[in-house]
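*Asks:* If you scroll down you'll find the structure; I have some questions about it.
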Amino acid sequence: MEIDLSRLILNLRERETFSLQTMGNDSFLEEIGGKFIAPIKVEIVVEKSGMIFVGRGNVRTLLQLPCSRCLKDFTFPVDAEFEFAMAEAVNSDQVSVDDGIIFFEADEADIMSIVEEAIFMAIPICSLCREDCRGLCLVCGQDRNTTSCSCQQETIDPRWEKLKSLQ
């Protein structure tokens with residue numbers, strides 16, 4: 001996903017808006033068991049501020065993720081804001097890499113890593129198909145959202161067993 005900064009570099013504009021769309025790479029979400037089910041749509045406004053180009057944008061897409069409790073796949077909408085800074089590679093000696101600046105060559109900058117980071121940061125650590133998901137039974141493995149089981153789940157850690165005698 002690349003943006004053409006030639007008009008900003010030549011000072012023909014101080015600000016430019018970009019609307020981009022691409023299909024997501026499922027290997028990006030492979031480790032969490034997810035995949036893209038809609039294109040990635042990005043809206044970005046890039047401003048030139050001296051040697052630095054500052055971008056602010058929004059990314060939208062739909063993901064398929066497994067629920068952390070019941071393991072069923074569900075649709076998760078991503079609508080995330082992000083910001084970034086870029087500079088031409090020829091100015092790399094005047095700008096510190098420690099400032100989180102992305103360097104680009106020629107007139108085009110690849111922002112896919114920034115977009116993927118915004119998507120990844122929008123995914124919750126514990127993704128749930130719904131807030132009241134009951135999950136799987138720890139004994140028999142039944143999906144407690146669809147069926148009830150009669151398993152006894154009151155197993156007490158033997159280290160706490162003596163506390164029962166204090167009643």
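*Asks:* Considering the zone a paramagnetic label at V45 would reach in this model (a point 7 Å from Cα along the Cα-to-Cβ line), which residues of region 1-24 have amide N under 11 Å from it?
*Replies:* Within reach of a label on V45, which here means backbone N under 11 Å from a point 7 Å along Cα→Cβ, region 1-24 contributes 15-18.
*Asks:* In the neighborhood of C133, defined by Cβ-to-Cβ distances under 12 Å, what is the net charge if each Lys or Arg adds +1 and each Asp or Glu adds -1? Mind dumping the intermediate values first?
*Replies:* Working: positive: R69, K72, R130, R134, R144; negative: E131, D132, D143.
Within the 12 Å Cβ shell, the charges total +2.
*Asks:* Can you tell me the relative contact order of region 1-80? Whole percent, Cα pairs under 8 Å, sequence separation 6 or more. Walk me through the intermediate numbers first.
*Replies:* On the way: 143 pairs, mean separation 18.9, N = 80.
Answer for region 1-80 is 24 percent.
*Asks:* Tell me which residues come under 5 Å, amide H to amide H, from L63 once H is placed; ignore anything under 5 positions away on its chain.
*Replies:* Counting only residues 5 or more places away or on other chains, the set is I37, F76, V78.
*Asks:* If you fit an axis through the alpha-carbon atoms of helix 112-122 and take the longest principal axis of the Cα set of the chain, what angle between them do you get, 0 to 90°, nearest 10?
*Replies:* The angle comes out near 30 degrees.
*Asks:* Using a basic spin-label model with each label point 7 Å from the Cα along Cα→Cβ, how many nm lie between M112 and T147?
*Replies:* Each label point is offset 7 Å from its Cα along the Cβ direction, giving 4.4 nm.
*Asks:* Quick one: compute the contact order of the chain, relative version, from alpha carbon pairs under 8 angstrom and 6+ residues apart, as a percent. Provide the component values of the computation, followed by the final result.
*Replies:* Numbers: 283 pairs, mean separation 30.9, N = 167.
That works out to 19 percent.
*Asks:* Cα centroids of region 106-133 and region 1-64: how far apart, whole angstrom?
*Replies:* Taking the Cα centre of each part, region 106-133 and region 1-64 sit 12 Å apart.
*Asks:* K72's amide H: which non-local residues (gap 5+, or another chain) put their own amide H closer than 5 Å, with H modeled 1.01 Å from N in plane and none for Pro or chain starts?
*Replies:* C67
*Asks:* Taking θ = phi - 60°, what integer Hz values does the Karplus form 6.51 cos²θ - 1.76 cosθ + 1.60 yield along region 51-60, in sequence order, with x for Gly and Pro?
*Replies:* Result, ordered by residue: 8, 9, 10, 9, x, 10, x, 9, 10, 9 Hz.
*Asks:* Can you compute 3J(HN,Hα) from phi for each residue in region 128-141, using the Karplus curve 6.51 cos²θ - 1.76 cosθ + 1.60 with θ = phi - 60°, rounded to whole Hz and x for Gly and Pro?
*Replies:* The phi angles translate into 10, 5, 7, 4, 9, 4, 8, x, 9, 5, 6, 8, 9, x Hz.
*Asks:* Here is a follow-up. What lysines could a cross-link reach from K48, if we take a straight Cα to Cα line under 27 Å and drop same-chain neighbours fewer than 8 places away?
*Replies:* none
Coordinate-derived values only; no laboratory data. All of these numbers come straight from a predicted model, not from anything done at the bench. Positions of Cβ are backbone-derived with ideal geometry, glycine not excepted, and every protein chain shown enters the neighbour counts.
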